[in-house]
Amino acid sequence: MSAILMDGKALAADIKRTVKEKCLTMETAPTLAVVLVGDNPASAVYVRSKERDCGECGIRCLDHRLPEDTTEEQLLALVAELNERDDVDGILVQLPLPGQLRERVILEAIDPEKDVDAFHPFNVGRIMQFAPRFLPCTPAGVMELLKRYDVDPAGKECVVIGRSNIVGKPMAMLLLQAGGTVTVCHTRTADLAAHCRRADILVSAAGQVGLVREDMVKPGAVVIDVAMNRDEDGKLCGDCVKAVSDKASYLTPVPGGVGPMTRAMLMVNTLTAAQMRR
Ligand code: GUN
């Protein structure tokens with residue numbers, strides 16, 4: 001039996017349609033400022049797709065491109081200006097930043113009320129306390145997918161591979177809030193396979209081709225593959241080997257699973273920011 005593929009592309013399109021309907025009822029369009037520093041090609045692709053999503057949803061997108069050698073002072077000045085501007089609802093500074101810019105300093109400078117990534121310590125703290133204002137986009141996208149396919153984490157063994165601030169840690173928090181029993185695995189975990197085999201819901205955000213093999217998956221488990229890797233032929237792929245689909249009940253495809261959901265949730269957060277500020 002092959003796993004049912006969780007169609008993130010279709011669900012993201014549904015969510016964006018709903019966001020658009022709500023945006024159309026507002027007097028002025030929600031506005032997202034996107035800041036891209038330098039010329040990381042992957043970041044440029046991500047930013048372009050975010051701008052396209054904004055267009056589809058009726059969200060105004062302000063595009064700020066800064067050169068690779070931008071100083072912290074210059075970037076902080078732009079963030080301060082965007083914080084002040086009444087016509088800006090959400091601010092997104094694309095990561096990673098060039099080496100001379102300290103991510104923590106920049107992210108902490110963003111007004112928490114405009115922090116549509118939910119990366120500011122204030123918003124991270126709210127998530128920890130199960131009182132989130134903005135949900136981090138990728139973990140929130142995963143939770144929406146689970147909901148759509150009637151997978152309730154309550155009482156389930158949930159295993160998250162990865163402990164990043166963007167995915168692993170907030171993912172663990174949202175699953176915990178939803179009643180899951182959560183284990184977070186990472187590069188130093190002694191016996192990854194043993195942990196994974198216990199999982200009813202397995203979320204992999206390691207970014208390592210072939211990391212999750214079929215023998216690590218409990219029959220009938222729900223497997224969420226968050227990774228965006230390139231295989232040896234340069235093709236997009238996740239962390240799971242193909243045969244995982246013979247063991248899992250549900251599986252997210254890469255591409256077309258979590259990726260579009262992350263982008264849709266950014267649109268939801270921008271709408272939320274605008275609604276809170278009007
Ligand atoms: N770089 C990779 N993922 C993300 C994200 O979700 N937000 C931002 N700002 N940068 C990223």
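The values are calculated or read from the model by the stated rules, or taken from the named source; none is laboratory data. The shown structure was predicted, so the numbers you read here are calculated from the model rather than taken from an experiment. Because the Cβ atoms are built from the backbone with ideal geometry, glycine has one as well, and the counts that use them run over all protein chains shown.
Go through VAL254, VAL226, VAL203, VAL258 for me and flag whichever is closer than 19 Å to ALA140 by Cβ and surrounded by fewer than 23 Cβ atoms within 10 Å (Cβ to Cβ). Please lay out each step first, then the result.
On the way: VAL226 fails: surrounded by fewer than 23 Cβ atoms within 10 Å (Cβ to Cβ); VAL203 fails: surrounded by fewer than 23 Cβ atoms within 10 Å (Cβ to Cβ); VAL258 fails: surrounded by fewer than 23 Cβ atoms within 10 Å (Cβ to Cβ).
Among VAL254, VAL226, VAL203, VAL258, only VAL254 is closer than 19 Å to ALA140 by Cβ and surrounded by fewer than 23 Cβ atoms within 10 Å (Cβ to Cβ).
Which is farther than 20 Å from ALA264 by Cβ, of a type in the set (A, V, I, L, M), more than 16 Å from the ligand (Cβ to nearest atom) and more than 17 Å from the chain's Cα centre (by Cα), of ALA131, ALA29?
Working: ALA29 fails: farther than 20 Å from ALA264 by Cβ.
Answer to the check: ALA131.
Contact list please: Cβ distance under 6 Å, first residue in segment 88-100 and under 11 Å from VAL116 (Cβ atoms), second residue part of a loop (DSSP other than H, G, I, E, B), pairs at least six apart or on different chains.
As it stands, the answer is ASP89/PRO30; GLY90/VAL116; ILE91/ILE110; LEU92/VAL116; LEU92/ASP117, since those pairs meet every condition given.
Filter segment 47-63 down to the residues that are touching a residue at least 12 places away in the same chain (Cβ under 8 Å) and surrounded by fewer than 18 Cβ atoms within 10 Å (Cβ to Cβ) and list them by number.
Of all residues in segment 47-63, those touching a residue at least 12 places away in the same chain (Cβ under 8 Å) come to 47, 49-51, 53-54, 56-63.
Of everything in segment 47-63, those that are touching a residue at least 12 places away in the same chain (Cβ under 8 Å) and surrounded by fewer than 18 Cβ atoms within 10 Å (Cβ to Cβ) turn out to be SER49, GLU51, GLU56, LEU62, ASP63.
Scanning for something in contact with a strand residue (DSSP E or B) (Cβ under 8 Å, 6 or more places away or on another chain) and of a type in the set (Gly, Ala, Ser), does segment 124-146 turn up at least one residue? Give the steps one after another, and end with the answer.
Here is the first cut: in segment 124-146, the ones in contact with a strand residue (DSSP E or B) (Cβ under 8 Å, 6 or more places away or on another chain) are 134, 142, 145-146.
In the following step, the residues that additionally are of a type in the set (Gly, Ala, Ser) were identified as none.
The answer is no, given that none of the residues of segment 124-146 is in contact with a strand residue (DSSP E or B) (Cβ under 8 Å, 6 or more places away or on another chain) and of a type in the set (Gly, Ala, Ser).
Test each condition in (1) in a strand (DSSP E or B); (2) surrounded by fewer than 16 Cβ atoms within 10 Å (Cβ to Cβ) for CYS158 and report the one that comes out false.
In the conditions (1) in a strand (DSSP E or B); (2) surrounded by fewer than 16 Cβ atoms within 10 Å (Cβ to Cβ), CYS158 misses (2) alone.
Residue check, PRO112 against (1) at positive phi; (2) in contact with a His (Cβ under 6 Å, 6 or more places away or on another chain), all met but one. Which one?
Of everything listed in (1) at positive phi; (2) in contact with a His (Cβ under 6 Å, 6 or more places away or on another chain), PRO112 misses just condition (1).
Please state which of the following conditions ASP14 fails to meet, knowing it meets all the rest: (1) out of contact with any His (no Cβ under 8 Å at 6 or more places or on another chain); (2) without any contact (Cβ under 8 Å) to a residue 60 or more places away in the chain; (3) not in a helix (DSSP H, G or I).
ASP14 satisfies all of (1) out of contact with any His (no Cβ under 8 Å at 6 or more places or on another chain); (2) without any contact (Cβ under 8 Å) to a residue 60 or more places away in the chain; (3) not in a helix (DSSP H, G or I) except (3).
Could you tell me whether VAL124 is out of contact with any helix residue (DSSP H, G or I) (no Cβ under 7 Å at 6 or more places or on another chain), under 28 Å from ILE15 (Cα atoms) and of a type in the set (Val, Ile, Thr)?
Working: out of contact with any helix residue (DSSP H, G or I) (no Cβ under 7 Å at 6 or more places or on another chain): yes; under 28 Å from ILE15 (Cα atoms): yes; of a type in the set (Val, Ile, Thr): yes.
So VAL124 passes the test.
For LEU211, are the conditions met, namely being at pLDDT 95 or above and buried (at least 18 other Cβ atoms within 10 Å of the Cβ)? Show your work before the answer.
Working: at pLDDT 95 or above: yes; buried (at least 18 other Cβ atoms within 10 Å of the Cβ): yes.
Yes, satisfied.
For segment 103-148, give me each residue that is more than 19 Å from GLU84 (Cβ to Cβ), in a loop (DSSP other than H, G, I, E, B) and in contact with an Asp or Glu (Cβ under 9 Å, 6 or more places away or on another chain).
PHE119, ARG133, PHE134, PRO136
For PRO112, work out the one condition from (1) within 18 Å of the chain's Cα centre (by Cα); (2) within 11 Å of the ligand (Cβ to nearest atom); (3) free of Cβ contacts under 8 Å to residues at least 40 places away in the same chain; (4) surrounded by fewer than 23 Cβ atoms within 10 Å (Cβ to Cβ) it doesn't fulfil.
Looking at each condition in turn, PRO112 falls short on (2).
If you scan segment 153-181, which residues turn out to be of a type in the set (A, V, I, L, M, F, W, C) and either more than 15 Å from VAL142 (Cα to Cα) or out of contact with any strand residue (DSSP E or B) (no Cβ under 7 Å at 6 or more places or on another chain) (or both)? Steps first, please.
Of all residues in segment 153-181, those of a type in the set (A, V, I, L, M, F, W, C) come to 154, 158-161, 166-167, 171-176, 178.
ALA154, ILE166, VAL167, MET173, LEU174, ALA178 - these are the residues of segment 153-181 that are of a type in the set (A, V, I, L, M, F, W, C) and either more than 15 Å from VAL142 (Cα to Cα) or out of contact with any strand residue (DSSP E or B) (no Cβ under 7 Å at 6 or more places or on another chain) (or both).
Working only within segment 183-200, note down all residues that are surrounded by fewer than 13 Cβ atoms within 10 Å (Cβ to Cβ) and under 18 Å from LYS169 (Cα atoms).
Once the filter is applied, which keeps residues that are surrounded by fewer than 13 Cβ atoms within 10 Å (Cβ to Cβ) and under 18 Å from LYS169 (Cα atoms), segment 183-200 yields THR187, ARG188.
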